[in-house]
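The values are calculated or read from the model by the stated rules, or taken from the named source; none is laboratory data. Keep in mind it's a predicted model, so treat the numbers as computed, not measured. In this analysis, Cβ positions are derived from the backbone assuming ideal geometry, glycine residues included, and neighbour counts consider all displayed protein chains. For accessibility, only protein heavy atoms count, side chains too; no ligands or nucleic acids. Shrake-Rupley method; radii C 1.70, N 1.55, O 1.52, S 1.80 Å.
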Amino acid sequence: MTNNKKLLAWVEEWVQLCQPDNVYWCDGSEEENRKFLEGMIAAGTAVKLNEERRPGSYYFQSDPSDVARVENRTYICTNTKELAGHTNNWVDPAEMKSILREKYKGCMKGRTLYVIPFSMGPLDSDIAKIGVEITDSAYVVVSMRIMTRMGKAVLDILGDGDFIPCVHSVGAPLAKGQQDVAWPCAPIEEKYISHFPETQEIWSYGSGYGGNALLGKKCLALRIASYTAKEEGWLAEHMLIMGITNPKGEKKYIAAAFPSACGKTNLAMLIPTIPGWKVETVGDDIAWMKFGADGRLYAINPEAGFFGVAPMTSTHTNPNAMSSVRANTIFTNVGLTPDGDIWWEGIGYDCPAGTINWKNQVHDPASDEPVAHPNARFTAPASQCPAIDPEWENPAGVPISAFLFGGRRPSTVPLVFQARNWNHGVFMGSIVGSEVTAAAIGLKAGVRRDPFAMLPFCGYNMGDYFKHWIKIGEIAPDKTKLPKIFNVNWFRKDENGKWLWPGYGDNIRVLEWIFNTCDNAVETVDTPIGFIPKKEDINVNGIEEISANIDELLNIDKSKWLEECELIEEHYRNFGSHIPRELITEFEALKNRLK
Ligand code: SAT
Ligand code: MN
């Protein structure tokens with residue numbers, strides 16, 4: 001399938017080390033996909049869902065120990081610890097490689113080594129990058145086929161060019177005659193999700209789940225790419241990309257960063273509740289951005305599918321996501337109903353009697369055990385989203401007018417505010433915080449700082465990453481064309497713990513203000529933390545009951561912000577000398593304005 005010498009030699013080297021029974025080069029075809037799925041059904045790993053209700057779709061349950069990314073087993077192996085920074089786990093590259101070589105020795109015995117050539121980004125895009133993943137998991141193969149452009153077409157484009165090598169094993173070799181389990185993986189303390197940014201390599205061992213195993217996503221498109229982006233002067237970000245069209249037919253694209261499971265997929269697929277507005281989806285998780293010839297910043301979605309959190313997704317919260325998963329979808333760790341469909345908490349209707357939970361037991365309605373794991377996922381082709389943007393595969397990307405940052409902040413942070421300038425916006429990104437999500441295990445509950453929503457995904461020292469953002473503002477070919485920067489918070493509560501803002505489709509009301517502010521079409525109110533809307537500029541037509549909350553939603557409590565400043569101080573202190581002086585200047589200016 002290829003004459004690429006580096007690729008052939010690399011595969012051969014890993015075949016020697018991992019000792020698989022077979023080697024298979026994936027072509028990405030329909031027949032091949034069917035063959036793998038049928039094989040997994042025969043092996044008891046997959047269940048084919050009811051063809052009438054959920055055509056072309058499959059159901060999987062993971063091992064109970066293998067349900068999410070494992071941040072405490074994720075490593076950035078740069079040449080020095082300082083290059084990785086205090087927010088990453090670090091091991092010396094040579095040491096990590098020697099630990100892992102031992103683990104990989106014979107790790108694919110009894111299994112097949114699949115070679116998956118994949119492209120992050122449209123095949124004909126200059127911004128796209130080619131990776132090759134080797135894995136011993138057929139689940140990874142069928143998932144990568146949805147999440148990336150995968151197979152022979154990628155090898156054709158690669159020719160004898162360079163690629164990012166990604167090694168993956170579930171870490172569960174089979175002895176002769178040993179019966180396989182439905183979801184093979186290694187125990188937690190033997191899992192390693194390792195990145196070598198300087199040599200552009202990914203070595204993952206022991207997990208078969210999501211970002212630990214589908215290496216194009218968080219590992220390549222964020223951790224490795226963020227490092228490359230710093231070297232090359234572009235941005236690889238944990239951001240959704242959406243197109244917004246106003247009633248006059250004018251369109252703008254926005255990219256937004258929120259920590260995992262904070263409603264990014266919902267926002268990307270929002271259905272506006274105010275007439276005349278339209279939202280279209282370019283991506284729901286990752287954006288790669290470069291300056292175009294016209295001086296604007298252009299974004300592509302490097303992915304081809306959605307790997308979304310299933311629980312709480314419904315025709316009420318996200319109709320477009322529900323349509324996206326109507327067919328050709330892989331469901332992992334949700335419930336399986338007696339008629340061969342799926343169910344999860346918050347799907348919008350009662351759990352059918354006899355539904356099997358993610359732990360493969362018949363659900364007992366009297367028990368507190370959830371049917372779906374909180375981090376249960378759907379893996380669905382982006383092309384199936386009814387709101388997919390017509391430009392979503394444009395190789396040149398889409399021009400970005402605004403960046404949004406945000407998290408779950410029950411207090412302090414107003415519904416929306418605008419940065420005073422680029423560096424102030426970078427400051428806002430650097431202090432993003434949110435209540436902890438279920439997507440990551442091994443963390444205490446509570447609010448954690450998640451700068452730019454990149455905390456688990458930055459492939460180098462995060463202080464240097466802040467500096468890179470400052471630098472993007474400096475190297476912009478035309479500073480007037482830089483995206484404007486905003487912070488949003490849909491999650492503010494009153495003193496009784498009640499949400500002040502309806503969220504979901506009504507978030508368009510905030511996007512409307514942002515859209516108009518990008519055009520300088522509305523006057524804003526200058527406050528110590530940035531520019532906020534005039535109360536009357538938030539459109540509450542149709543939700544008049546909310547208008548009583550607007551004052552509180554936009555309220556900036558100086559004493560709360562002074563407390564916040566103490567937390568920021570602490571947060572910044574951890575970065576030591578890596579905090580750019582431009583951010584210290586912004587922080588000092590904020591404190592002065594609050595005085
Ligand atoms: O499992 S993934 O890393 O792909 C998703 C997430 O945790 O955000
Ligand atoms: Mn994410």
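In the stretch 552-576, whose amide N lies under 15 Å from the spot 7 Å out along Cα-to-Cβ of residue 593? List them in ranges. The answer is 555-559, 561-562, 565, whose backbone nitrogens lie closer than 15 Å to the label point.
Each label was represented as a point 7 Å from its Cα along the Cα-to-Cβ direction; for residue 361 and residue 435 these points are 2.7 nm apart.
Taking the stretch 226-369 as the region of interest, the number of lysine pairs whose Cα atoms are within less than 19 Å, with members eight or more places apart or on different chains, is 7. Considering every Cα-Cα pair within the chain, what fraction, in whole percent, is farther apart than 30 Å? The proportion of pairs with Cα distances above 30 Å equals 51 percent. A straight Cα-to-Cα reach below 20 Å connects residue 6 with the lysines 97, 129, 152, residues fewer than 8 places away in its own chain not being considered.
As a fraction of the 1.4 Å probe accessible area of the stretch 150-224, surface on carbon and sulfur atoms comes out at 53 percent. Tell me which GluC sites (Glu not before Pro) from the stretch 1-90 have a DSSP coil assignment and no more than 13 other beta carbons within 10 Å of their own. In loop regions of the stretch 1-90 (DSSP not H, G, I, E or B), the sparsely surrounded GluC sites (Glu not before Pro) are 51, 52.
Cross-link partners for residue 595 among the lysines, with Cα-Cα distance under 29 Å and sequence neighbours closer than 8 places in the same chain left out: 467, 484, 493, 534, 535, 558, 560. Surface analysis of the chain yields an accessible area of 37 Å² per residue, using protein heavy atoms and a 1.4 Å probe.
Under 8 Å for C-alpha pairs, at least 6 residues apart: give me the relative contact order for the chain, rounded to a whole percent. Relative contact order here is 15 percent. Counted residue by residue at 0.36 nm each, then reduced by the alpha carbon distance between them, the extension gain from residue 316 to residue 231 reaches 26.3 nm.
Between residue 498 and residue 35, what's the calculated FRET efficiency when r is the beta-carbon distance and R0 is 56 Å? Round to 0.05. The pair residue 498/residue 35 has a calculated efficiency of 0.60. Go ahead and run the numbers for FRET between residue 480 and residue 16, Cβ-Cβ distance against an R0 of 60 Å, rounding to 0.05. With a Förster radius of 60 Å, E is 0.60. Partner lysines whose Cα lies under 22 Å from the Cα of residue 176, excluding those fewer than 8 positions away in the same chain, are identified as 103, 105, 109. Annotation for the stretch 453-508: trypsin sites (Lys or Arg not before Pro) lying in DSSP loop with at most 13 further Cβ atoms inside 10 Å of their Cβ are 498. Using a Förster distance of 22 Å, how high is the FRET efficiency between residue 3 and residue 23, based on the Cβ-Cβ distance and rounded to 0.05? E between residue 3 and residue 23, to the nearest 0.05, is 0.85.
A Cβ-based charge dipole, computed about the Cα centre of the chain with Lys and Arg at +1 and Asp and Glu at -1, lands at about 640 debye.
Every helix of 4 or more DSSP H residues in the chain counts as -39500 (n - 2.57), and over all residues that averages to -7500 deg cm²/dmol at 222 nm. Please go through the stretch 178-272 and write out the GluC sites (Glu not before Pro) that DSSP classes as loop and that have at most 11 other C-beta atoms within 10 Å. Hits after loop and neighbour filter: 250. Across the stretch 129-212, the relative contact order, built from alpha-carbon pairs under 8 Å that are at least six residues apart, equals 32 percent.
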